[in-house]
1. For the pair Trp94 and Cys24, how long in nm is the line joining their label points, each one 7 Å along Cα→Cβ?
2. Quick one: net charge around Val166, please, counting Lys, Arg +1 and Asp, Glu -1 for every other residue with C-beta under 13 Å from its C-beta.
3. Please give the contour-minus-distance gain from Ile145 to Leu124: 0.36 nm per residue of separation, less the Cα-Cα distance, rounded to one decimal in nm.
4. Report the net charge of residues surrounding Ala143, where surrounding means a beta-carbon distance below 12 angstrom and charges are Lys +1, Arg +1, Asp -1, Glu -1.
5. What net charge is computed for the residues neighbouring Asn84, neighbours being all others with C-beta under 12 Å from the C-beta of Asn84, Lys and Arg scored +1, Asp and Glu -1?
6. For the pair Gln11/Asp176, report the inter-label distance in nm, with labels modelled 7 Å from Cα in the Cβ direction.
Amino acid sequence: MATVLLHANDQGAVVDLPPVCMKCGAKAESDQPTCFSWAPQWIGWILALTIFVGLIFLPIAIIVRLVMTKRMWVDVPLCERHQNPWLLSRLTMWGGLAVLLLMVVLTIVLFAIQPGKPASPEPLSIIAFMATLFYFPVWAVLASIIAQRTIHASLIKGDSIRLVSVSRAFADAVYDAEDDAYRVRPRRRPRSPGVTDIRQEEAE
């Protein structure tokens, strides 16, 4: 895996990339317009702290995240095999979140319908509560690891975007294309000192 820095056009999108699959380095069959997002890392720490400080600050942290998040569209070249390289990451994130919410609701329901005094909960309620506590960090770590191994933006600044976990062949193709564009760029010939003055004197 490699890291590559891409530059946007006047419309703020990255287009016309080399026909090399960004995932595996094979020949790309199509370009998939993809919106990448990025936010400073400290915002993630704020969101994590709201779990320990108090969920009352969660709406504020979410608003800060939305304001600070930057986005950029990239025409991602992909081969026929890797038409959706983000599928596993999205399933882990949103599917795991759905499971977590179901476990929380189930735990609340078990505690609400249990007979007897609240001070002596039923074993099934305790098991559901402990399972939820164990599941949350496991899911969070697993989703984070998979997301880091998937193509994602590690920085969006101005008209540039830095993508991480792209194929080495794609990164090399991008830099080769930039070098070729620089080589064919017309360059002005340096004028010899005094040439202009001599021509002016001959004209006079």
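1. Those two pseudo-labels are separated by 2.5 nm.
2. On the way: positive: Lys23, Arg149, Arg162, Arg168; negative: Asp172.
Charge balance in the 13 Å sphere: +3.
3. 4.4 nm
4. Net charge around Ala143: +2.
5. Here the count lands on +2.
6. Here the answer is 2.8 nm between the modelled labels.
None of the figures in this text is laboratory data; all of them are computed from the coordinates on show. For clarity, every value in this text was computed on a predicted model and none was experimentally measured. With ideal geometry, Cβ positions are generated from the backbone for all residues, glycine too; neighbour counts draw on all protein chains shown.
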